[in-house]
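Structure first, commentary second.
Read-outs throughout are calculated quantities, based only on the coordinates presented, and are distinct from any laboratory measurement. From a predicted model like this one, the values you see are computed outputs, not experimental measurements. Virtual Cβ from ideal backbone geometry, glycine too; neighbours counted across all protein chains shown.
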Amino acid sequence: MATSVEYMEYICDQIRGIGDIRYKKMFGEYMLYVNDKPILLVCDSTVYVKCLDCIAEQMKNEQTGIPYTGSKAHYILDIDNKDFSKDVILSLEKVIPLPKPRKKI
């Protein structure tokens, strides 16, 4: 089941105050950006974050899942836990680079 705009707004409300937040629909699902960095992948109303070393300790007790066919495993973030989600996102925001600008054709 595809993620609704209402659910994306709920996620934004949960993490409000950590920076500039926006989301973009991609391939029927969503990527959420914090300070223009791609931080959260939201597929089928499940919030995913990359399995990176910087959050391995924080996420050690969390489940993993495959957001879409062919992807690597990601941690599943409990977005209902506001403070924990903000801590994880802030840890990721420090290490995830800004996307490279696209070359105009």
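Do you know which residues across region 1-15 are more than 14 Å from the chain's Cα centre (by Cα) and either closer than 16 Å to Tyr68 by Cα or assigned to a strand (DSSP E or B) (or both)?
Listed by number, the residues that qualify are Met1, Ala2.
Does at least one position in region 16-36 carry a residue that is of a type in the set (Asp, Glu), surrounded by 14 or more Cβ atoms within 10 Å (Cβ to Cβ) and in a strand (DSSP E or B)? Before the answer, list the steps.
From region 16-36, those of a type in the set (Asp, Glu) are 20, 29, 36; that's our starting set.
Then keep just the ones that are surrounded by 14 or more Cβ atoms within 10 Å (Cβ to Cβ); that gives 29.
With in a strand (DSSP E or B) added as a condition, the list becomes 29.
Yes; the residues of region 16-36 include at least one that is of a type in the set (Asp, Glu), surrounded by 14 or more Cβ atoms within 10 Å (Cβ to Cβ) and in a strand (DSSP E or B).
Might you check whether a residue that is of a type in the set (Lys, Arg) and closer than 22 Å to Ala2 by Cβ occurs anywhere in region 38-60?
Looking for residues that are of a type in the set (Lys, Arg) and closer than 22 Å to Ala2 by Cβ, one finds at least one in region 38-60, hence yes.
Asp80 passes all but one of (1) in contact with a strand residue (DSSP E or B) (Cβ under 7 Å, 6 or more places away or on another chain); (2) under 18 Å from Asp13 (Cβ atoms); which number fails?
(1)
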